Amino acid sequence: MRSLLTELSRRSQSPAATQLWISGVAEVLRQPEFSQLQQVQTLIGLLEEEPLQILPLIFEDPDVDATGRRVNVWIGSENPLEPMRTCTLIVSRYCKGAVPVGSVGVLGPTRMVYENAIAVVEATADYLSEALS
């Protein structure tokens with residue numbers, strides 16, 4: 001019962017941070033997937049004007065795959081937010097000790113090299129966790 005209550009408590013706590021830092025938008029927009037102005041406007045609108053819609057995705061508990069990677073990956077239509085359905089979102093949490101304090105991620109075209117992008121996101125989260133601990 002105690003372990004169940006601990007797990008429920010942990011899952012009900014939302015991250016305190018509500019700020020997103022976005023970088024590299026110009027590089028993403030150079031990709032052929034973003035050649036349609038309406039698509040770009042919708043995505044930029046989401047990132048700039050409605051970032052709170054993205055937070056649940058970024059701070060969702062990461063899945064652990066067969067290799068032990070702690071990442072979430074949404075590809076194309078798997079993205080729950082319509083403006084992101086032409087993109088891929090890869091995120092992983094970083095922690096201070098055992099407490100999640102933030103997330104790092106990559107939003108890019110669906111034709112990205114997934115093993116590289118996942119490895120970069122995971123390594124960055126691991127580095128930040130080590131630096132904070």
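Only the coordinates and a few stated rules stand behind these numbers; no lab work does. Predicted model, so just to flag it, every value in this text is computed and none were measured. Neighbour counts are summed over all protein chains in view; Cβ atoms, including those assigned to glycine, are modelled from backbone coordinates with ideal geometry.
Rounded, prolate or oblate: pick one for the stretch 32-132, where a ≥ b ≥ c are the square roots of the eigenvalues of its C-alpha gyration tensor, a/c under 1.5 means rounded, and failing that, prolate if a/b is larger than b/c, else oblate. Prolate. Listed by Cβ neighbour count within 10 Å, with the fewest neighbours leading, Leu89, Leu46 appear as Leu46, Leu89. Between the amide H of Thr110 and those of Thr88, distances stay under 5 Å, these residues lying 5 or more places away or on another chain, with hydrogens modeled in the peptide plane. Length gained on full extension, Asn116 to Glu50, computed as 0.36 nm times the residue gap minus the Cα-Cα distance: 20.9 nm.
Near the amide H of Lys96, within less than 5 Å, lie the amide hydrogens of Val101, all on another chain or at least 5 residues away, with H placed in the peptide plane.
Does a label point 7 Å from the Cα of Trp21, set along Cα-to-beta-carbon, have any residues of the stretch 80-105 with amide nitrogen under 13 Å, and which are they? The answer is 102-105, whose backbone nitrogens lie closer than 13 Å to the label point.
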